[in-house]
Amino acid sequence: MNKGESSLSEEEKEQIRRLASSIEYYEDNVLKTMPLTPKLTNIVNQKLRERELNQRSLAKLIGIGTSKISQILNGKRQPDVQFLKAIHEKLGIDGNVLLEVI
């Protein structure tokens with residue numbers, strides 16, 4: 001693109017058209033199916049993977065029982081303030097993000 005649009009060959013212009021078409025297809029067909037706001041469980045599980053932790057080690061880290069962690073991460077129980085505060089402090093999850101996903 002540093003060449004400027006007028007300096008592009010027909011082959012380069014066609015390649016740009018194909019790429020733009022692919023991007024448009026992706027936006028219209030793939031991104032539409034993705035939730036705009038991630039779920040709390042996805043955020044927590046991603047942090048656990050990043051830190052190579054499991055639910056048991058998370059429970060120990062934040063001082064909450066493993067059954068409670070399991071219920072929250074499986075959607076069987078709503079997270080309480082104690083849980084949200086703990087994952088904010090111990091996993092470094094932004095408080096604003098937590099407020100948006102609950």
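Quick look at the numbers
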{"quantity": "Looking only at region 59-79, and only at residues there that are outside any helix (DSSP H, G or I) and surrounded by 12 or more Cβ atoms within 10 Å (Cβ to Cβ), the one that is nearest to the chain's Cα centre (by Cα)", "calculated": "Pro79"}
{"quantity": "Odd one out for Glu12 among (1) surrounded by 10 or more Cβ atoms within 10 Å (Cβ to Cβ); (2) modelled with pLDDT under 95; (3) under 30 Å from Asp80 (Cβ atoms)", "calculated": "(3)"}
{"quantity": "Scan of region 29-51 for residues that are modelled with pLDDT of 85 or more and either loosely packed, with under 11 Cβ neighbours inside 10 Å or of a type outside the set (D, E, K, R) (or both), ordered by number", "calculated": "Leu40, Thr41, Asn42, Ile43, Val44, Asn45, Gln46, Leu48, Arg49, Glu50"}
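Residues are listed down the side, and each one gets a yes or a no for (1) closer than 30 Å to Glu5 by Cα; (2) without any contact (Cβ under 8 Å) to a residue 40 or more places away in the chain; (3) not aromatic (Phe, Trp, Tyr):
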position: Val30; (1), (2), (3): yes, yes, yes
position: Lys39; (1), (2), (3): no, no, yes
position: Val44; (1), (2), (3): no, no, yes
position: Ser67; (1), (2), (3): no, yes, yes
position: Ser70; (1), (2), (3): no, yes, yes
position: Gly75; (1), (2), (3): no, yes, yes
position: Pro79; (1), (2), (3): no, yes, yes
position: Leu91; (1), (2), (3): no, no, yes
position: Leu99; (1), (2), (3): no, yes, yes
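The values are calculated or read from the model by the stated rules, or taken from the named source; none is laboratory data. The model shown is predicted, which means the values in this text are computed figures rather than measured ones. Neighbour counts are summed over all protein chains in view; Cβ atoms, including those assigned to glycine, are modelled from backbone coordinates with ideal geometry.
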